1. Out of all the residues in the stretch 20-60, which are at positive phi and either part of a strand (DSSP E or B) or exposed (fewer than 10 other Cβ atoms within 10 Å of the Cβ) (or both)?
2. Pairs only if they're at least six apart or on different chains, beta carbon under 9 angstrom, first in the stretch 84-105 and closer than 18 Å to Gly2 by Cα, second of a type in the set (Gly, Ala, Ser) and at pLDDT 90 or above; list them, first residue then second.
3. Can you name the residue in the stretch 1-19 that is modelled with pLDDT of 85 or more and of a type in the set (Ser, Thr, Tyr) and, of all such residues, is surrounded by the fewest Cβ atoms within 10 Å (Cβ to Cβ)?
4. I'd like to verify a number: residues in the stretch 80-119 that are assigned to a helix (DSSP H, G or I) and surrounded by fewer than 12 Cβ atoms within 10 Å (Cβ to Cβ), how many?
Amino acid sequence: MGISAYKEVTEWSEAEFVVPNHTYLFDGKSNILAYARESDGQVMVFKKPLPMDTRRRKFIKVKHKELAKIGATVVLDTPKVLDVPHWQVKSDSGKTYTVTLESGKYQCNCVGFSYRGKCKHSDEVRKAQEK
């Protein structure tokens, strides 16, 4: 999953205040790179990716010209694995993730690890290395 624009379509019926549903440019994980305001369409760009908790929120993938221009200029950070032990792990969905061992801790570049600080990919590598 690469850089893509998603329009939020969450129904905020329980909210005590109006929550605008903007169109967001995600980095392929749950980090926002930029967004287009719902009210006037003005595009706001962040200096660095901003994590967003997407649980309980609904989005649809959209095409957005201005956000696409920004997305085309973004260079995503890739794990620096030259100096640290690392493993490529293929997930059940067919995606490949990189698990690294830094300061005695296994880390993964999947979304689950970014939320919980653990995932089945890093657990799989850790168990294999302990054997």
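1. Listed by number, the list holds a single entry, Arg56.
2. Pairs found: Tyr97/Ser122.
3. If we take residues in the stretch 1-19 being modelled with pLDDT of 85 or more and of a type in the set (Ser, Thr, Tyr), then Thr10 is surrounded by the fewest Cβ atoms within 10 Å (Cβ to Cβ).
4. Total meeting the criteria: 1.
The values are calculated or read from the model by the stated rules, or taken from the named source; none is laboratory data. Keep in mind that what you see is a predicted model, and the values were worked out from it rather than measured. Cβ atoms come from the backbone with ideal geometry, glycine included; neighbour counts cover every protein chain shown.
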